[in-house]
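K.L.:
For reference, the structure I am asking about is given below.
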Amino acid sequence: MSVLLTATDLSVSYGKVVAVHNIAIELPGSGIVTLIGANGAGKSTTLLSLMGVLPAKGKLMFDGIDITKSPVEERVEMGISLVSEKRDLFSSMSVEDNLRLGCYRRNRSHGGEALEEVFGRFPRLKERRRQLAATLSGGERQMLAMGRALMARPRLLMLDEPSLGLAPLIVRDIFRIVTDLRDSGIAILLVEQNARAALEVASAGYVMELGEITTHGPASELINDRRLIESYLGIG
Amino acid sequence: MDSTITLFLLQDGLINGSIYALLAVAFVLLFAVTRIIFVAQGDFVAYGGLTFAALQQGSVPGSIWLLAGLGIIAGTLEFLRERRALTRPKVLGILAGDFVFPLTLTGVAILAAPQDMPYLFDMALALTLVVPMGPYIYRICFRPMASASVLVLLIASVGVHWLMIGLGLLFFGAEGYRAAPMFGANFALGPVPVSAQSLLVMGATLALLVGFYLFFGRTLAGKALMATAVNARGASLVGISPSFSGRTAFLMAAFVGAISGILIAPLTTLYYDSGFLIGLKGFVAAIVAGFASFPLAVAGAIAIGIAEAVSAFFASAFKEVIVFSLILPILIWRSIRAPHLEED
C-alpha cells in the first residue's frame, strides 16, 4: 500500500524538556493506524507536531512532498486535518458557522455538498445547526469537531482521544463513525486511551513510552502482545 | 439646563462618541484577534487627519516617508524570514507589496500634493497612505513576538506609540491643522444648528458599524477573523493563518483610525499628538466592553462622548478628570462580576 505520510527522526521540545524524541512513523494512504501509550507519553504532542501546530525537528514527508517547514494552513490545504483532544471549537459561534469554517482553506468551492455530507453523517448536528457550539453536549461537541475536520475532505484525519470524557453509548457511536470514515477511504491516525478499542479497528499500531516509539507492528499482533496486555490492554 | 443646551450637549456628545465608538471597536478587534492592547491606535487618527489636511493645503505630508520606510523594513524582514524557502512568486509578492506599492504611493503623493485635487481624491490618498501602515507595523513589531504575553505586547505597543508620536512631530511639526469641511452647509434642528460635517461623521460611523456587523456576521472572511478571536488554535487547525488574521485586524484598525481622523479634521484642530487623548477615550470604552463585546464598546463610547460633553459644560476644567475617572467604577464593577479572570 502506498505511503501517505512519513516522519523521520521527529523530535519535539517544550523549552529544554524533550517531549518526543527521534520517532519514526509511516502512515499508509488508507486505513487506521493507532498511536497508544500512557498519559504523558507524547502522543498528543506528536499529533500537534505532525499538524504543524508545534515546531519539530526531523523530516516530514506528505505524499512525497517535504512539509517539514510548512505552516499549519499549508498542511490543511494539502489534506491533513486534526481533531484535537480539546476539540478547539468556536464556542460562541453556531454549529453551522463552525462547520463552514472547516472548509475555509480547502474544499471551499464544495462547501455546500460537504455540509450536507456532514449532516448526513451526524444528523444531530443538523438539528442543532443554529445553536451555539458552547451549548452542545460532550458527544455533540466531539461530533462537531469531527464534522468540522471532515468539511475539508481531508486525506489524512488525525483524531486525538475522540472518546475522552464521553458516555459508553456515545463512544460506541464515535467508533462506528471512525470505522465508517476508514471504509470511505480516509487515512486515519488515531490516538486513544482505550487501547483495546483502538487496536480492534486499526490495521497497525505504534506504542509510545516517554516520548519514544518502543513497539510497532500490525494491530492483530499488538493486541496479543503480552507486555502490552499487561501495560495498556488490561489482563483478561 | 434648558432643552436647547441639552440638545447642544447631546449633539456634541454623539459626534465625539461616534469617533470613540469606532476606535473602541478597533481596540476590541485588535485585542480579540492578536491579544494586543494597541495604545498607538489613536495615532492613526492624528496621522489620517494631518495627512489629509496637508494634502488639502497643497503640501507633501511627511507621513509618506514613514510609509515608505515601513514598507522597506517589512519587505527586508520578509526576505530574511523566508530566505530558505524563497520562490519566484514569493519574491515578486514581497517586491510588489512591500517595495513597489509604498514607493508608488509616495511618488503619487509627491506629484499630487501641489496640484489642486478634488476633496474626495485627497481623502482617498490620505487613507491609502496611512492604512497600509497598520499591517506593516504588525509584521515588523508584533508578528515576531506573536506568542509573547499580553504585558510584553502592551509594552511593545507603547513603544510603537512613542515612535509614532516622535515621528509625527517631525513630519507635521508642532502646529495644529484643521481641514476644510466636505460640506459647508448648516441645518437647524429646532433651536440647535447642526453642521453637515457633523451629520457626515455620525452617518459615516453608523455606516462603518453596520459594515463591520455585516462583515463579521455574514462573510466567511469576517467569521474567520472572529474565529481567530474565539479560539486561535481552532482557527489555525482549519487553516486560518494567525498572521493573516493579525494583518487583517491591523488593516481594519488603521482604516478606522485614519477615516476617523479625516472625518474630524474639519471639526477640530488636530496636532501630532492629538490622537493619544482621542484614542484613550476609545480605550476606556473598550474597557467598558471588557475588550470583548462590540455592542458594549459602542454603547460605552457614546456614553463617554455624552459624559464628556456634559462635564465640559458644567466643569470644563475637570472634563478629562471626570471622563477618565469613569474607568475606576467600571473596573471595580467588572472585577466583581468576573473575579477570576486570568491571562491565558
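The values are calculated or read from the model by the stated rules, or taken from the named source; none is laboratory data. Keep in mind that this is a model prediction, so the values were computed, not measured. Cβ placement follows ideal geometry from the backbone for every residue including glycine, while neighbour counts extend to all protein chains displayed. Ligands, DNA and RNA are excluded from the accessible area calculation, which covers all protein heavy atoms including side chains. Shrake-Rupley method; radii C 1.70, N 1.55, O 1.52, S 1.80 Å.
K.L.:
Could you list all residues from segment A:76-108 that are surrounded by fewer than 24 Cβ atoms within 10 Å (Cβ to Cβ), within 8 Å of chain B (Cβ to nearest Cβ), touching a residue at least 12 places away in the same chain (Cβ under 8 Å) and assigned to a helix (DSSP H, G or I)?
P.N.:
Selection gives A:GLU77, A:ARG100.
K.L.:
Mind listing whichever residues of segment B:108-139 are open to solvent by less than 40 Å² (accessible area, probe 1.4 Å) and of a type in the set (Val, Ile, Thr)?
P.N.:
Across segment B:108-139, the qualifying residues are B:VAL130, B:VAL131, B:ILE137.
K.L.:
Starting from segment A:110-131, keep only residues that are touching a residue at least 24 places away in the same chain (Cβ under 8 Å), then list their pairs with residues that are open to solvent by 60 Å² or more (accessible area, probe 1.4 Å) and outside any helix (DSSP H, G or I) whose Cβ atoms are within a distance under 7 Å, requiring at least 6 positions of separation or different chains.
P.N.:
A:ALA114/A:ARG153
K.L.:
Among residues belonging to segment B:79-107 that are open to solvent by less than 60 Å² (accessible area, probe 1.4 Å) and either over 25 Å from the mean Cα position of the chain (by Cα) or of a type in the set (A, V, I, L, M) (or both), point out the one that is farthest from the other protein chains (Cβ to nearest Cβ).
P.N.:
B:LEU105
K.L.:
Ok, one more. Can you find a residue that is assigned to a helix (DSSP H, G or I) and open to solvent by 50 Å² or more (accessible area, probe 1.4 Å) anywhere in segment A:137-160?
P.N.:
yes
K.L.:
Out of curiosity, is A:GLY58 away from every other protein chain (no Cβ under 14 Å), on the phi > 0 side of the Ramachandran plot and either surrounded by 17 or more Cβ atoms within 10 Å (Cβ to Cβ) or in a strand (DSSP E or B) (or both)?
P.N.:
In short, yes.
K.L.:
Let me ask another. Quick check on A:GLY165: is it outside any helix (DSSP H, G or I), surrounded by fewer than 16 Cβ atoms within 10 Å (Cβ to Cβ) and out of contact with any strand residue (DSSP E or B) (no Cβ under 9 Å at 6 or more places or on another chain)?
P.N.:
Yes, satisfied.
K.L.:
Condition (residue is without any contact (Cβ under 8 Å) to a residue 12 or more places away in the chain, away from every other protein chain (no Cβ under 13 Å) and open to solvent by 10 Å² or more (accessible area, probe 1.4 Å)) applied to segment A:15-22: is it met by at least one residue?
P.N.:
yes
K.L.:
So, one more: Scan segment B:191-198 and give yes if some residue there is exposed (fewer than 15 other Cβ atoms within 10 Å of the Cβ), over 21 Å from the mean Cα position of the chain (by Cα) and either touching a residue at least 24 places away in the same chain (Cβ under 8 Å) or within 13 Å of another protein chain (Cβ to nearest Cβ) (or both), otherwise no.
P.N.:
yes
K.L.:
Same structure, new question: When the residues of segment B:232-258 are filtered to those that are of a type in the set (S, T, N, Q) and surrounded by fewer than 21 Cβ atoms within 10 Å (Cβ to Cβ), which remaining residue is nearest to the other protein chains (Cβ to nearest Cβ)?
P.N.:
If we take residues in segment B:232-258 being of a type in the set (S, T, N, Q) and surrounded by fewer than 21 Cβ atoms within 10 Å (Cβ to Cβ), then B:SER241 is nearest to the other protein chains (Cβ to nearest Cβ).
K.L.:
From the list B:GLY261, B:GLY211, which one is open to solvent by less than 10 Å² (accessible area, probe 1.4 Å), of a type outside the set (D, E, K, R) and part of a helix (DSSP H, G or I)?
P.N.:
Unique residue meeting the criteria: B:GLY261.
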